[in-house]
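S.K.: Sending over a structure as structure tokens; questions will come in a sec.
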Amino acid sequence: MRKASQLGELRLSGVSRAYGGHLALHPLDLTIRGGEFVALLGPSGCGKTTALNCLAGLLPLTSGEITMDGRRVDTLAPEKRGFGMVFQNYALFPHLTVRANVAFGLKMRRVSKAETRRRVDDVLDLVRLREHAHKHPGQLSGGQQQRVSIARAIVMEPPLVLMDEPLSNLDAALRLSMRSEIRRIHQEFGLTTIYVTHDQEEALSLADRLVVLHAGQVSQIGTPAELYEHPADAHVAAFMGYRNLLTLDLTAVEAAEAVAEGRGLKVRGTVVGGVRPRPGDTATVAIRPEDLRVAEGDEQPIAEATAEIVEYHGRVLHVEAVTAHGDRLHLRSAGTVRPGDALRVAVDAERALVFTDADTAALDD
Ligand code: ATP
């Protein structure tokens, strides 16, 4: 099978976009290598779609430039960029068959009938829809329709495919299977893909690299493992499964560790970020549920709390406990815990991350 036309490198330099006076996307620098799968991840309103639309040429840039293998592309009209686009609402032509939908772009480009047939067959095989080629979109499931829209984008052999929340209209089971389909198609066709999502699981499972955006600014760029192990700020931590986010005051700072206290909680954690905190600073302490546990023996707990919700998940229990001051803690327990039990909750200092440089008030966005 022919593959997507190979892209060496796509470079965004200082790309920004303002609506009126409001900067929805702060200057963004990003280099994407050919064959990479990059996810733009962040909560609603963080600027993901704005960034994607700037790339696609649907929105003019307020500043900056975009180059593809050194060639300027932000000055080109969308159709001249030749990027593939896959949207949440499949945007198929309802009156055309699957084959005609996929062939549409080739027809517009006056590609010969024989070549069109061959290329359409190839991509329909790739998305496993060859036997549905004669049907109309209305006769297909949501997942199948989304595969048609992917086929339609990649049949053009684009140097870059842009996907905007392509799975959000599908039910949970279909999302999972389409996720692995998208990854497989990306690899088999040798695509370079930029994928917008607010779903961190989707981003972590699909992407080679993630760009986490918050309020129009990049919080962090890195591989899933880098972000998961070393979140740069509390916003990234929140996205990477640190469900326990406690806003506390620092009472002591010693080398790489700090002690944060408040509302009956006292946590020793590891300081993250370039700014050296001082006692009295407000901090966000981030802890993953799997690192928070019932204290053993005379171990120093971070808090006492009452188990409220206990869910059985195979070998471990997922427990939600509430402190006397109303802080909600998510933890795991290998031993028996029942709703109403009084728990002493503990964490290892290297597993509690202390962030002081994030705008913590915005964490509830
Ligand atoms: P979502 O996941 O909800 O689509 P997003 O991360 O894609 O969110 P954008 O759609 O890029 O976010 O929006 C970023 C910011 O720009 C938001 O504050 C939004 O309100 C604002 N915005 C987006 N489009 C416009 C517009 N046409 N005019 C004015 N403001 C806009």
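S.K.: Tell me, what ³J(HN,Hα) does each residue in segment 131-139 have, in order and in whole Hz, if you take phi through Karplus 6.51 cos²θ - 1.76 cosθ + 1.60 with θ = phi - 60° and put x for Gly and Pro?
M.R.: My calculation for segment 131-139 gives 6, 9, 4, 7, 7, 9, x, x, 8 Hz in order.
S.K.: Mind pulling the per residue volume of the convex hull built on the Cα atoms of segment 1-121? Å³ is fine.
M.R.: Looking at segment 1-121, the number lands at 142 Å³ per residue.
S.K.: Provide the percentage of antiparallel DSSP beta bridges, counting only those with both residues in the chain; round to the nearest 5.
M.R.: So the antiparallel bridges amount to about 75 percent of the total.
S.K.: Starting from the Cα coordinates of segment 61-175, work out the convex hull volume and express it per residue in Å³.
M.R.: 133 Å³
S.K.: If N is the number of residues in segment 9-229, what value comes out of its Cα radius of gyration divided by 2.2 N^0.38 Å?
M.R.: Expressed relative to 2.2 N^0.38 Å, the Cα Rg reads 1.01.
S.K.: Still on this model: Could you list ASP233, ASP249 so that the one with the fewest beta carbons within 10 Å of its beta carbon is first and the one with the most is last?
M.R.: ASP249, ASP233
S.K.: Ok, one more. Express as a percent, rounded to the nearest 5, the fraction of DSSP beta bridges in segment 148-271 (both residues included) that run antiparallel.
M.R.: DSSP beta bridges in segment 148-271 are roughly 80 percent antiparallel.
S.K.: Read phi for every residue in segment 345-353 and hand back ³J(HN,Hα) as whole Hz from Karplus 6.51 cos²θ - 1.76 cosθ + 1.60, θ = phi - 60°, with x for Gly and Pro.
M.R.: These are the phi-based 3J(HN,Hα) values: 10, 10, 8, 7, 4, 6, 9, 10, 9 Hz.
S.K.: Where does the chain land at 222 nm, in deg cm²/dmol rounded to the nearest 500, when only DSSP H runs of n ≥ 4 count, each adding -39500 (n - 2.57), divided by all residues?
M.R.: -7000 deg cm²/dmol
S.K.: Then there's this: Using only alpha carbon positions, build the gyration tensor of segment 241-364, then give the equivalent ellipsoid semi-axes as the square roots of 5 times its eigenvalues, largest first, whole angstrom.
M.R.: Ellipsoid semi-axes (Å, largest first): 26, 14, 13.
S.K.: Residues with amide H under 5 Å of THR223's amide H, sequence separation 5 or more or different chain, H placed in the peptide plane at 1.01 Å from N; which?
M.R.: LEU210
S.K.: Next question, about the same structure. Would you mind computing the Rg to Rh ratio of segment 173-312 from its alpha-carbon coordinates, Kirkwood style for Rh?
M.R.: Here the Rg-to-Rh quotient is 1.06.
S.K.: Another question about this same structure. Specify, per residue and in Å³, the volume enclosed by the convex hull of the alpha carbon atoms belonging to segment 110-243.
M.R.: Hull volume over Cα atoms, normalised by residue count, gives 132 Å³.
Here, each number is a calculation from the coordinates, and none is a lab measurement. Source: prediction; values computed, not measured. All Cβ positions, glycine included, derive from the backbone under ideal geometry; neighbour counts span all protein chains shown.
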